Amino acid sequence: MRNVYLLLFFLTLTVITTAQTKTGSIKGIVKTADGSPAEFINVILKGTNKGSSTNSKGEFEIKHTAPGNYLLLVSFIGLESTEHHIDVKEGETTILPEIVLNEHKRKIVSK
């Protein structure tokens, strides 16, 4: 009976390890135009349900992403949104160059 449990354990471990290597991840840092880390910025892979938000250092990570080409949307209210074409490869982490968001140039009119 013990051998059966050991066999099941190793089979489960093999399946988990195999499943994890068929995906990749995306990492990056978002800053504002003055060079400050941009907190709470939305980072979304368009056309998927995958996304993240930046932490207090402006860092984000999207894990367990199927390999392929994506359009990454980076946005926040009051800042100009940007889009970036990225290529995710199996078993690798795609590290993006620093993303800088500028303030909207439109004036807010109050009544």
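Peptide packing: for 23-31, 39-47, the average count of neighbouring Cβ atoms within 10 Å per residue gives the ranking 23-31, 39-47, highest mean first. Peptides 69-78, 87-96 ranked from most to least packed by the mean count of surrounding Cβ atoms within 10 Å: 69-78, 87-96. Think of each Lys and Arg Cβ as +1 and each Asp and Glu Cβ as -1; about the Cα centre, that makes the dipole of region 24-101 roughly 180 debye.
Each value in this text was obtained by applying a stated rule to the coordinates, not by laboratory testing. This one's a predicted model, so the numbers in the text were calculated from it and none came from an experiment. Cβ: placed from backbone, ideal geometry, glycine included. Neighbour counts: every protein chain shown.
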